[in-house]
Every structure is written in structure tokens, then in C-alpha cells.
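The values are calculated or read from the model by the stated rules, or taken from the named source; none is laboratory data. From a predicted model like this one, the values you see are computed outputs, not experimental measurements. For neighbour counting, all protein chains shown are included, and Cβ atoms are generated from backbone atoms with ideal geometry for every residue, glycine included. For the accessible areas, the whole protein counts, side chains as well, though only heavy atoms, and no ligand, DNA or RNA atoms are used. Shrake-Rupley method; radii C 1.70, N 1.55, O 1.52, S 1.80 Å.
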Amino acid sequence: MKLLSAAAALLLLAPSASGFVVPSSSAPSAKALAMTPPASSAEEDLELTRQIILDFMASDAAPASTDDDAAAPAASSSATSAKQYVAPPLPENDLMIRAALGREDVERTPVWLFRQAGRHLPEYRDYKEKTGRNFLEFLAHPEDVAECTLQPLRRYPVDAAILFSDILVIAEALNVEVTMPGGVGIQVPNPIKDPADLAKRIPDASAMTEEFVADKLGHVIASVKLIKTKMAEEGMTQPLIGFSAAPWTLLFYMVGGSSKKNNDIGVQWLSDHPDDSRRLLDVLTKVIIEYMSAQVEAGANMLQLFEAMGMMIDEANFEEYAMPCLKEIATELKARFPDVPLMVFSRGASFANEALSKLGYDVVTIDGSVPRETARATVGGRTGLQGNYDPRELVEDEDGSKTVDTVRATAKQLLEDLGPQRLVANLGEGLGGKESPELVRAFVDAIHEESESLIKSS
């Protein structure tokens, strides 16, 4: 092979009639080359030439900006950032994505279940005993998260996996301790006491960046990547759902609320400290956007936002405090990832569903309190629906009234009430742990088979 001298490399990179032009600010100049010590060997000459070419290629990949460039919008799918966001490719089984986006009819209704991984599965209980770790301890180990995420996919033909995690990981990332002492559920032993405590412990919204997520929530993102790797290894072709709690739900827990006590402390915070509440909600909104974005970039194909404590806030306060956050999240995430379905669940606050359907979400989830006969009219064709099967139908009782046949009948009723299209069949409440795996399987099968029959006959 003939070696190019440094001078010859300069000639090759010079402007030409073909349009191969190096920006003058970055092209190696003759003066600069003249000042370069001569090569002492052919090898050194080759390395010098290689470096000149690499420097040119780097400058060519990032051309100098012009006044016109500065006036043009940032080249990004994000509403507020110049970063280019990239969603993962569609999985082979994209049924649920297609149903959620609602851009075409589907051949059958997709189905998954809230809390489909976890304590209702005997394999989960066995794994927990084998590892000697509790739920929160699992979350710090990506290999445990991946195993628990995949367990329901091995047992049931559900149409999606969902990241095995908890809604309070963001609270932990923001210096609010979360514990699981055993027998009493998840606890927040040192909630935010007052505005001074808030100012001391919680970073500013401007610090809620992708770097913050990588630092404080990197173990979750690592888990997402490992889940995708393990799914591929096991031939699982469903989409992976990433998720987060919504801002109001996080505020509620972070100031000391729980589902069992201090039920009014969240709303009291809004009343006593409105400006500080808005500051905390802004912080939470920003970190949720970055956290969910990181999940997509790590491989999540769909996103679910849980306003799990919707029942702990009245309608007026929801409209004033929670809704603007939900709007900002939807606007930004859909700008970044327009083809990634975004689902929202305002649990216990169905009064918000109509407004939520106007914010850009692809799917609004309905809980068990929502009358099915009005659910479609409420969202007005703007979004799809998710829900709202009663998980109590999946718990075997002493008199044997819950059977595979009763599950099929009630699943068919769900489909007839809501229609099989633009629907993600799910529960109105998460699995509680007492459900029969046999009946859960019957529900999944019934949704697939009965919806396919309804669609073919329509």
C-alpha cells in the first residue's frame, strides 16, 4: 500500500469543483502543516495523515452554524430540547402498540394486567425465598428485576411485559427514604416536613436532567436494558412497558401520605404551601419526563403513567395542581416519541378522564368505578381505553362460584360493553396476590378468543 504524506492529505481535503469543501474554520491549514515536525518514519507519516483525515471528518460531521441555522428550529423531536430522541424498533408482536395508537383496526384485543408480575405467582414466591430478598431489595438488582418481569410472560400469553419496579423510586432519587419493614407495606419514614425541609432536601427543577436520571436511577435503566436482552434470549416478542408514578401521587407520599393513614396530608400541603407545592410538582414533572425518556431509549416500547393516588385529591385541586403536570408530561413525551404509545391512569379520579383525553395521551385507563356505557363518550374518540375488568373475578372463593367459565363470560361482557377495537383489556385495579393463576390464564385466553370472534363477525 502506498503511504499518503501529510501534504498530500491536505491537497485531498482542499475545496474542489465537486463540492467537497472543508469549513475554513476547521480545515488544516498549510501553515499548520508547515509547523508540524517532519515524520521520522513511514509509520509516523501514516499516523499523521490518518489524524488529519479524522480531524476533517469530525469537522465535516458538525458544520459551522450560520445565521440561518440559528434562526431555524432545533433539529429534534423534542418540544424543548435540541437532543434527538430515538425510540426502539417495533417488536415482532406489535398488537398492543397498534391498538393503543388507534391508527388501524386490530385482529384481536390485546391484554396485560396491572401487577401481572409478583406475589400471585408461585414462581415469584419461590424466587423471593430463594434469593432471600424483599421487593425493594429486588429493585436494586437488575437480574432480579428482569427475572420477575419475565415470569408472567412465561406463564401467560399476555401482549406486553411491564418493568418490574415501584412508583416510589423517584422519591428515593430525590432524597426521600422508602422502606419495607415487613407486614406493613412500603413506608416513607422521614417525609418532607415543611417548606424549609423541602428547600434543604429536594434539588431544583433545573437539576432534573438525563444525567440526574443516570446517576440516581441508573439501576432502573440498566434493568430495562437487561429485560430486553433476556426477552430476546427467550424468544419473547412482546413490547416492554416502562412506567412512572405521576407528580401528585409522588407528592402525596413524599409529604407523608399513605393509603392507610394521613389521607388528607397531601391536599393540606397544597392548601398550606401552594407555592412550595408547585415547586415540588415542577421538580417531579421534570424528572418524570427524563426518567420515562430514559426508559424508552433503553428499550421500552410503551409508557404508562400512574396517578395512583387520584382518590386522595378533590376535583378542584386536581384541576389546579395535578392537571398542568399531566399536560406537560404528555406534551413533552409525545414530542420526543410520537410513535411510542403513552397511557395514563388517574385511579380513583375518573372525573379527570375527559380532560386527560384532550392532552395528547393515546390511552386513558378506566377503573372499576367508571360505567362502561359512558366510557367511550367521555373520551370522545380522542383516545383508546384501557381497563376495567374486576380482579375479584379472578379470586377463587369457597363456594366455587368463580370458574374458568365465569371468567370467560365476564371477559366477553367487557368486550361487548367497550368494543374490541382501540381497547387494551386490563383490570380496573392491580392484582392483589390472591388471584388464581388458572383464572388469570382463563381471562387472557378469553380476551384473545372472544375479541377475535367479535371482530370477525362485525
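Observations on the model:
- Count of residues meeting criterion [within 24 Å of Gly118 (Cβ to Cβ) and either of a type outside the set (S, T, N, Q) or open to solvent by less than 10 Å² (accessible area, probe 1.4 Å) (or both)] in region 424-458: 24
- Met311 meets each of the listed conditions (1) open to solvent by 10 Å² or more (accessible area, probe 1.4 Å); (2) touching a residue at least 40 places away in the same chain (Cβ under 8 Å); (3) among the hydrophobic types (A, V, I, L, M, F, W, C) apart from (2).
- The number of residues in region 274-291 being open to solvent by 50 Å² or more (accessible area, probe 1.4 Å) and over 27 Å from the mean Cα position of the chain (by Cα) comes to 1.
- Conditions (1) surrounded by fewer than 16 Cβ atoms within 10 Å (Cβ to Cβ); (2) within 27 Å of Val344 (Cα to Cα); (3) at pLDDT 95 or above; (4) not acidic (Asp, Glu): number failed by Arg119: (3)
- Scanning region 160-178 for residues that are among the acidic types (Asp, Glu), in a loop (DSSP other than H, G, I, E, B) and under 18 Å from the mean Cα position of the chain (by Cα) yields one hit, Asp166.
- The residues listed here are Leu305, Leu326; of these, the one that is assigned to a helix (DSSP H, G or I), touching a residue at least 12 places away in the same chain (Cβ under 8 Å), within 16 Å of the chain's Cα centre (by Cα) and buried (at least 22 other Cβ atoms within 10 Å of the Cβ) is Leu326.
- Residues being surrounded by fewer than 24 Cβ atoms within 10 Å (Cβ to Cβ), over 23 Å from Val184 (Cα atoms) and either out of contact with any strand residue (DSSP E or B) (no Cβ under 8 Å at 6 or more places or on another chain) or polar (S, T, N, Q) (or both) - total across region 241-269: 2
- Test result for Phe138, open to solvent by less than 40 Å² (accessible area, probe 1.4 Å), hydrophobic (A, V, I, L, M, F, W, C), within 20 Å of Val220 (Cα to Cα) and free of Cβ contacts under 8 Å to residues at least 40 places away in the same chain: yes
- When region 392-424 is filtered for residues that are touching a strand residue (DSSP E or B) at 6+ places or on another chain (Cβ under 7 Å) and either in contact (Cβ under 8 Å) with a residue 60 or more places away in the chain or among the acidic types (Asp, Glu) (or both), the ones remaining, listed by number, are Arg422, Leu423, Val424.
- Take the conditions (1) modelled with pLDDT of 95 or more; (2) open to solvent by 40 Å² or more (accessible area, probe 1.4 Å); (3) farther than 21 Å from Gly266 by Cβ; Arg133 misses just one of them, which is (1).
- Criterion (at pLDDT 95 or above and not in a helix (DSSP H, G or I)) met by exactly one of Pro157, Pro152, Pro189, Pro181: Pro157
- One residue stands out among those in region 209-238 that are out of contact with any Asp or Glu (no Cβ under 7 Å at 6 or more places or on another chain) and not in a helix (DSSP H, G or I): the one that is nearest to Pro91 (Cα to Cα), which is Met236.
- Subset of region 314-323 [under 21 Å from Ala171 (Cα atoms) and either buried (at least 24 other Cβ atoms within 10 Å of the Cβ) or touching a residue at least 40 places away in the same chain (Cβ under 8 Å) (or both)]: Phe318, Tyr321, Ala322
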